[in-house]
1. Given a Förster distance of 25 angstrom, what is the FRET efficiency for Glu79 paired with Ala34, based on the Cβ-Cβ distance and rounded to 0.05?
2. Can you list residues whose amide H is under 5 Å from Ser57's amide H, if they're 5+ apart or on another chain and H is modeled 1.01 Å from N?
3. Can you tell me what share of the DSSP beta bridges in region 60-147 is antiparallel? A percent to the nearest 5 is fine.
4. Return the FRET efficiency for the residue pair Phe56, Gln134: r is the Cβ-Cβ distance, R0 is 25 Å, and the value is rounded to the nearest 0.05.
5. Estimate the FRET efficiency between Ser88 and Lys27 by the formula 1/(1 + (r/R0)^6), using the beta-carbon distance for r and 35 Å for R0, to the nearest 0.05.
6. In vacuo Debye scattering of region 99-147, one point per C-alpha: log10 I(q)/I(0) at q = 0.20, 0.24 Å⁻¹?
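Any read-out appearing in this document is the output of simple, stated calculations on the displayed coordinates, not a laboratory observation. None of the values given here were measured: they were computed from a predicted structure. Reconstructed Cβ throughout: ideal geometry from the backbone, glycine too, with neighbour counts over all protein chains shown.
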Amino acid sequence: MILSISLVASLFQITELLNIKTPDSLKDKSRIHAVLDGLVSIGEVAGNHARFLYDFSPESIVLRWTHDFSPRFLYCFEEDELGNMSVSNLVRQVEVGDIDPKELWIGGLISQGLEDLGANVFLGVKSAVNALKQVIAEDLQLSSGSD
């Protein structure tokens, strides 16, 4: 399975790709949950001073759990001249059939207005991740205590 991740963290766009070609060869399959938890819990930049306090936790996240080896949506977030974020290219890729909407988990501010896309859409970033973690646990046959 391939887990593709794109998130906006305080105007910085981060894209990750985790390739799990043979889940049985992984030493500890449940570590994928820790990776997802870490992505939504990115802390502030160090410095121990208020002038360096900057929240890097994601405002929005797009996750894709698929057998397709191509993520197809690297850097999917777009910002217009007014600072509004959109994922118009991602929507286009779903509409033309390049990405199966059932493989997408979308959470955060960007999710507003995407309910009809057919993807798993959540208002919160953490709720999107938690829903995907349940699917991953089923697909990789993880025990319920492996969160």
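1. Working: r = 30 Å, r/R0 = 1.21.
FRET efficiency, Glu79 to Ala34: 0.25.
2. none
3. Details: 7 of 10 bridges.
Of those bridges, close to 70 percent are antiparallel.
4. Details: r = 26 Å, r/R0 = 1.02.
FRET efficiency, Phe56 to Gln134: 0.45.
5. Details: r = 40 Å, r/R0 = 1.13.
That pair, Ser88 with Lys27, gives E of 0.30.
6. -0.67, -0.85
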